Structures are given as C-alpha cells and as structure tokens.
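Some notes on the structure that comes next.
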Amino acid sequence: MNTVYRINEISMTRDLKPDLREITAGFTDGKIFLLFETNTWKHCWPLIRDFRPIPELNILVLEPGEEHKNIEQVLAVWEILGRKGADRGSLVINIGGGMLTDLGGFAASTFKRGLTFINIPTTVLAMVDASAGGKTGINFRGLKNEIGVIRQPKHVFLHLPFLRTLDRENLLSGYAEMLKAGLIADPELWQDLKNFDFDNYSEEELGRLIWRSVKIKKDIVDADPEEHGIRKSLNFGHTIGHALESESLHAGHPLAHGYAVAYGMLVEAVLSQKKLGLPSESVIEIRDTITRLYGNTPNTIRKTDVLIEWMKFDKKNRDNRINFSLLEEIGKCRVNVEATEEEIREAMQNSV
C-alpha cells in the first residue's frame, strides 16, 4: 500500500486508488456499494472514480449535514442494498465526513446482521474522530447518536489530498477533536496544536498532527473497546458539546460538531477546576486557545436549564446523574465525575 503511516486497519495514504484496488480485491464489482454525500460526490469521487468499474446503480448520494443523520437516510441505504441484492459477501465503502461514516457504518452493520464496510473519511473531523473506534449511529428524537452499534470497519483510509477540499471552518471543526486528544493524553501534542499556524502550513505538517491524534484515540479504544473505563476520556467536552449541538439542531441552526466540542471543552475546563482542581493557568490557557480559534461561546450557553435537560439524555449518565470526563491537568483526564445541576450552571455562567 502507498501509505505514509499505518496502525493495523488504519492507514494514511497519498495515493488512494491502488490501495483501494488492493483492499477490495476479494469482492466482485457488483457487490461493492459506495455511499457519498453531495459534497464528497462532487469533490472527492473524481479523485478515485476509476479505481474499479463499480456499477452506477451501486452508488448512493445522501443529503449532507447532522439534520440528515436520521433513520430516513438509513432506510434509503437499506433499500438500495436490498434492491441490488447485497449479501454477506458484499462491501460498503463510506466516503464522506463523520455524518456519512457514522450513518453508512450503521446501515452496513445492521443490514443482514452485518456487511463488511470500509470508511474513507474526507474531513479532519472524520479522520480524527468518527473513523476510528468502530462507533456507528444516527440521531433520534433530536438526540445525538442515540441509535447505533459498535462495529469495526475492515479498513480506514485517511487520504491526505482530501484535505485540500476543506475550507477553514471544516478544518477547525476537526481540529477541536485534535485539541481534545492533546488535552486528555499528550501535553506535547497540545502545545504543538496551540502553536500551529493555520495561515501558513503544509499538507504533510497537518497530516503528522492528524496522525498523532488518531494514534491517541486508537490506543485508548484498543485498551477499552466497549467504553467501560478509559475510553470515556474521549468524551471530554462532549457532555456540554452534545447539548449545544442538540439544542442548535432543535432550533434549526445546526452548530458544527467541532465548534460545539470546543465550547464544551471550555466550559468543562472551568468545571474541571471546581471538581478536580485543574490549575487556573491551565483554564486560562484553554480558554484563550479556544476563543482565539473559535470565537466567544455562543449565546446558547446562557440557556442553562435547557442545556441541562439535553444533558440528562447523555449516554454516560447513570441513575439520572450527569456524568463528565474532566481534566486533572493538561494531559491527564479522569472519567465518571458527577456534577450537580448547580455546579454545571455555575461553570456555564463563568464561561460566557
């Protein structure tokens, strides 16, 4: 394979077509199904379209955006798989951002009790977050990833040239998950990410930072695949972040996942200071970095009671107690930290 880096089933590559031909060699053309969303169909499919002569009817283009990460689009995938005779010898290739790889992986994992699938994430967010770890799922009743299963893809390809198709907002959305990786596990990565120059960088430089972030997640997932312990550290920033996402979806103005997580990390850093004694200079460092990259926290953060209601649906909760993964220090995370509603309100108010 034409890889830059590789860990087991995850590869970073500069030349995707020969890699795809190699990994799909055991499947017939008619048994390979490709899933795109409209943006990746337009920008990414031309870069790999002749890797195999896949029948046109085996290609499905879905609507983009978190608001379309729903059962209706899963039904559309199941419909084409059923109509085209997909069986346990079929392969689904998901080419897109985190929404697409989550949804496509879920559809493949549940059709005929599980088809083989490959993820080709096309955004920084999907590369460092959604593609690794085997989580699949869709939103339901306005709740983020409420329905899903954990099932590993056959392979994940991170294709460096796809980074050229991204605008700054999409780069920053993925960058938040990279910042999180440094904050929970690697202070050196955090410092390198803080100092990264978004106005003057090389594809290779960004690729190295992405790979370091992926490796952190991969190591954590391998240590705790079912999320009973350390894997919960990957949720730092997500209890608040998912609440912000859910409320923004409900209001009809979806907030990008990475931006929601960035603001969530800011609030949860404040909460970490109260609950675990995270040093005040670390809180200021995190606050300054996030506001410089993502701007001030949105006005939605003032809707404390509404956001707390969304948090009560968080999958980490037990016995109706809101559960967090918080920082003891930069590079060290503690999981299963409960916080009262009053403590959460105070942290949100102090983050505005």
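We did not get these values from a lab; they are worked out from the coordinates using the rules stated. Here the structure is a predicted model, which means the values were calculated and not measured. In this analysis, Cβ positions are derived from the backbone assuming ideal geometry, glycine residues included, and neighbour counts consider all displayed protein chains.
Three principal axis extents describe the C-alpha atoms of the chain; from largest down they are 58, 41, 35 Å. For segment 169-349, a crude dipole built from +1 on the beta carbon of Lys and Arg and -1 on the beta carbon of Asp and Glu, taken about the Cα centre, is about 380 debye to the nearest 20. A simple rule links phi to the HN-Hα coupling: the Karplus curve 6.51 cos²θ - 1.76 cosθ + 1.60 with θ = phi - 60°, which for segment 72-84 gives 4, 6, 4, 4, 5, 5, 4, 4, 5, 5, x, 5, 8 Hz, with x for Gly and Pro. Only Lys, Arg, Asp and Glu carry charge here, each on its Cβ (+1 for the first two, -1 for the last two); on that basis the chain has a dipole of about 940 debye about its Cα centre.
Remark: segment 3-166 carries a charge dipole of roughly 340 debye about the Cα centre, counting +1 on each Lys and Arg Cβ and -1 on each Asp and Glu Cβ.
Taking Cα atoms only, the orientation of helix 280-294 departs from the longest principal axis of the chain by about 50 degrees.
On a 0 to 90 degree scale, rounded to 10, what angle separates helix 238-251 from the longest Cα axis of the chain? It is inclined by approximately 70 degrees. Residues considered: GLU22, GLU328, GLU67. Largest GNM mean-square fluctuation over the chain, using C-alpha springs under 10 Å, is found at GLU22. The calculated FRET efficiency for ASN299 paired with ARG49, based on their beta-carbon distance and R0 = 51 Å, is about 0.70.
Shape of segment 3-166 from its Cα gyration tensor (a ≥ b ≥ c, root eigenvalues): rounded if a/c is under 1.5, otherwise prolate when a/b > b/c, or oblate? Cα axes put segment 3-166 in the rounded bin. Taken along the Cα-to-beta-carbon direction at a fixed 7 Å, the label points for ARG321 and LYS84 span 4.9 nm. Determine the alpha carbon to alpha carbon distance for each of LYS69/LYS154; LYS31/LYS312; LYS17/LYS316 and list only those over 31 Å. Beyond 31 Å between Cα atoms: LYS31/LYS312; LYS17/LYS316.
In whole angstrom, how far apart do the alpha carbon centroids of segment 42-82 and segment 286-352 sit? Comparing the Cα centres of segment 42-82 and segment 286-352, I get a distance of 35 Å. Placing pseudo-labels 7 Å out from each Cα toward the beta carbon at LYS312 and ARG164 gives an inter-label distance of 5.1 nm. The calculated FRET efficiency for THR340 paired with ASP192, based on their beta-carbon distance and R0 = 45 Å, is about 0.80.
Amide H to amide H, with H built 1.01 Å from N, ILE322 comes under 5 Å of ALA339, counting only residues 5 or more places away or on other chains.
Close amide H partners of ILE10, meaning residues 5 or more places away or on another chain with modelled amide H under 5 Å apart, are VAL156. Each residue of segment 299-314 was assigned a 3J(HN,Hα) from its phi angle through the Karplus curve 6.51 cos²θ - 1.76 cosθ + 1.60 (θ = phi - 60°); the sequence is 4, 4, 5, 6, 7, 4, 5, 5, 5, 5, 4, 5, 4, 5, 8, 4 Hz, with glycine and proline shown as x.
Here the Karplus curve 6.51 cos²θ - 1.76 cosθ + 1.60, taken at θ = phi - 60°, turns the phi angles of segment 102-115 into couplings of 4, 5, x, x, 5, 4, 5, 5, 9, 6, 6, 6, x, 9 Hz, with x standing for Gly and Pro. Only beta bridges with both residues in the chain are counted; by DSSP, about 40 percent of them are antiparallel. Could you tell me which of VAL92, ALA251, PHE324 has its Cα farthest along the dipole of the chain towards the positive end, charges placed at Cβ (Lys, Arg +1; Asp, Glu -1), taken about the Cα centre? Going by the Cα projections, it comes out as VAL92.
Under the simplified labelling scheme, the ASN200-GLU328 pair shows an inter-label distance of 4.0 nm, with each label point 7 Å from Cα along Cα→Cβ. Could you identify which residue out of LEU160, LEU75, LEU193 has the top mean-square fluctuation in a GNM of the chain using Cα springs shorter than 10 Å? Among LEU160, LEU75, LEU193, the largest mean-square fluctuation in the Gaussian network model of the chain belongs to LEU75.
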